[in-house]
Each structure stands twice: as structure tokens, then as C-alpha cells.
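**Student:** Take this structure first; my questions come after.
The values are calculated or read from the model by the stated rules, or taken from the named source; none is laboratory data. Given the structure is predicted, the values throughout are model-derived calculations rather than measurements. Quick reminder, even Gly has a Cβ in these numbers, built from the backbone with ideal geometry, and neighbours come from all protein chains shown. Quick note on the areas: whole protein, heavy atoms, side chains included, nothing else; ligands and nucleic acids left out. Shrake-Rupley method; radii C 1.70, N 1.55, O 1.52, S 1.80 Å.
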Amino acid sequence: MKIGIDLDDVLFHFVPAFLLYHNRMHGTDFSKDDVWSYRFWEVFGIARDEALNRVFAFLGSPEAEALIPVEGSHKGIASLARDHELHIITARQEWLAEVTHGLLERHFPPVFSGVYFANHFSDDRSGLSKGVICDRLGIDVFIDDAPANVLESVRAGRKILLLDAPWNTFMDPIEHISRVRSWDEIVGAIATFDSERSER
């Protein structure tokens, strides 16, 4: 199967590292549990453009080059790569390509067939939905943590795995979307999908 995998907060801990940076730079005291939405401007109570500028400032900082992998992701990727074609599909912008490839090269084996940048929040309107990218690649299973991304990626015949996080707990069960709480559960769910396919 072709599997699409989000980067931030699925492969790497983005929100905790961003909040440490934000708290230091802006004198705040936010924790991961405070992030009830990925719309940081709503969480911080500031203008949208200011929130985006703070995210981009973090992504351009040395801290963004030192993100640590989500627990179990290395083992999970190694397991999935044995039988599946893996693609990274990230909301990040193209200007972060070098940093992003560097992170992947430092922490994961070279098993990804491609890294695709959706360019979300870009000024030049070059952004794509992750659903469109999944469609173009023929993705069978898509793994993400952001509600908007999973909802726009639902298609008949495509399985969606929503990695549990404070900013997606409000989502009710939806057909084709399964909530998972760890990389062990991700690998187990995909093994189940494989079995279901083989029985058809």
C-alpha cells in the first residue's frame, strides 16, 4: 500500500518544542495540553498573522532543527517500510525543505519515496490541501493529527489514521477515520488493513 505520513507531531514533536520557544520569547506559559486548536492565534489570543509569524520564526530557528522523533516512530517506520511505499506529506512550506530533509536524514533510514510540501499559509497561494496531494499520489492510508487535514483527505477506499492529540479530541467518530494513540497502534491498524485487503 501507499502510505502518506504527516511530519509535525506525527514523526517529530513540533508543538512541545514550539511552545518552549514561544514561552521563552514571549513570556508565556503554555503547555501541550493548552493547545486545543492548531489555530495558534485562537489559543494565544492574538492576531492570525502574528501567530503565523511566530510559528515561522520558530521554524527558522536552530530549535526547529533539533526536533525529536515521536516515541515509537523510528521502529514504526522501519516496520512499515518493509511492505509499503511511504510518502511524507507535510503542511510545511518549500523554504523549509533543507531543514526538513535534514531532520529526516538524521533520524530515519532513507525509506521515503518522496517528501511533499503542501505550502499551507503561503502568501503566493501555492498551497495545496493534503487531500489533493494524497489523491495525486494514490495514497491508500493517510496518517495525520490535524482535524482539517484528515477531513479534507477522506475518500472512499482510503483509510485515515488520526493520531491522538489535545487539538483533535473534539472530533466525533467519522467513517474511514480511525483514532490511534501511538505508533504501535498505527502499525497494528495498518496490519489490519492489509489483512482485510488480502481477504477480498
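**Student:** Roll a 1.4 Å probe over the protein chains and send me the accessible area per residue for the chain in Å².
**Tutor:** 50 Å²
**Student:** Rounded if a/c is under 1.5, else prolate if a/b beats b/c, else oblate: with a ≥ b ≥ c from the C-alpha gyration tensor eigenvalues square-rooted, which is region 7-48?
**Tutor:** Oblate, because a/c is 1.5 or more while a/b does not exceed b/c.
**Student:** Any idea of Thr169's accessible area? Nearest 10 Å², probe 1.4 Å.
**Tutor:** Its heavy atoms expose roughly 90 Å² to the probe.
**Student:** Could you please tell me the mean projected area of the C-alpha convex hull for region 1-112, averaged over all directions and given in square nanometres to one decimal?
**Tutor:** Orientation-averaged projected area of the Cα hull: 7.4 nm².
**Student:** While we're here: Take every DSSP beta bridge with both residues inside the chain and express the antiparallel ones as a percent of the total, to the nearest 5.
**Tutor:** Bridges in the chain that DSSP calls antiparallel: roughly 10 percent.
**Student:** Sticking with this one: Report the residue, chosen from Ala146, Ala66, Ala165, that carries the largest GNM mean-square fluctuation when the chain is represented by alpha-carbon nodes joined by springs under 10 Å.
**Tutor:** Among Ala146, Ala66, Ala165, the largest GNM mean-square fluctuation belongs to Ala66.
**Student:** Cα convex hull of the chain: mean projected area in nm², to one decimal?
**Tutor:** Computed as one quarter of the Cα hull surface, the answer is 11.0 nm².
**Student:** Roughly how many debye, to the nearest 20, is the charge dipole of the chain about its Cα centre, given +1 on each Lys and Arg Cβ, -1 on each Asp and Glu Cβ, and no other charges?
**Tutor:** Computed about the Cα centre, the dipole is about 300 debye.
**Student:** Ignoring any ligand, DNA or RNA, what whole percent of the accessible area of region 120-187 comes from carbon and sulfur when the probe is 1.4 angstrom?
**Tutor:** About 50 percent, which is the carbon plus sulfur part of the accessible surface.
**Student:** GNM on the chain, C-alpha springs below 10 Å: top fluctuator among Gly60, Gly27, Gly131?
**Tutor:** Among Gly60, Gly27, Gly131, the largest GNM mean-square fluctuation belongs to Gly27.
**Student:** Same structure again: How many percent of Cα pairs in region 93-138 exceed 14 Å?
**Tutor:** Roughly 57 percent, once rounded to a whole number.
**Student:** May I pose another question? Quick one: in region 103-180, what % of C-alpha pairs are over 16 Å apart?
**Tutor:** Percent of Cα pairs beyond 16 Å in region 103-180: 57.
**Student:** Once fully extended, how much extra length lies between His26 and Ala148, figured as 0.36 nm per residue of separation less the alpha-carbon to alpha-carbon distance?
**Tutor:** Length gained between His26 and Ala148: 41.2 nm.
**Student:** So, one more: Probe radius 1.4 Å, ligands and nucleic acids left out: which of Asp34, Asp6 has the largest accessible area, and how do the rest follow?
**Tutor:** Heavy-atom accessible area, descending, gives Asp34, Asp6.
**Student:** From Cα coordinates alone, what are the radius of gyration and Dmax values for region 144-200 in angstrom?
**Tutor:** Looking at region 144-200, its Cα Rg and Dmax stand at 11.6, 36 Å.
**Student:** Compute a Gaussian network model of the chain, connecting alpha carbons closer than 10 Å, and tell me which residue from Val43, Val141, Val15 fluctuates the most.
**Tutor:** Sorting by GNM fluctuation, first place goes to Val43.
**Student:** Need one number: nm distance between label points at Trp41 and Asp194, each 7 Å from Cα along Cα→Cβ, rounded to one decimal.
**Tutor:** 4.4 nm
**Student:** Would you kindly calculate the translational diffusion coefficient of region 41-100, applying Stokes-Einstein with the Kirkwood radius from alpha carbon pairs, for 37 °C and a viscosity of 0.692 mPa s, and quote it in µm² s⁻¹ without decimals?
**Tutor:** So the translational diffusion coefficient is about 232 µm²/s.
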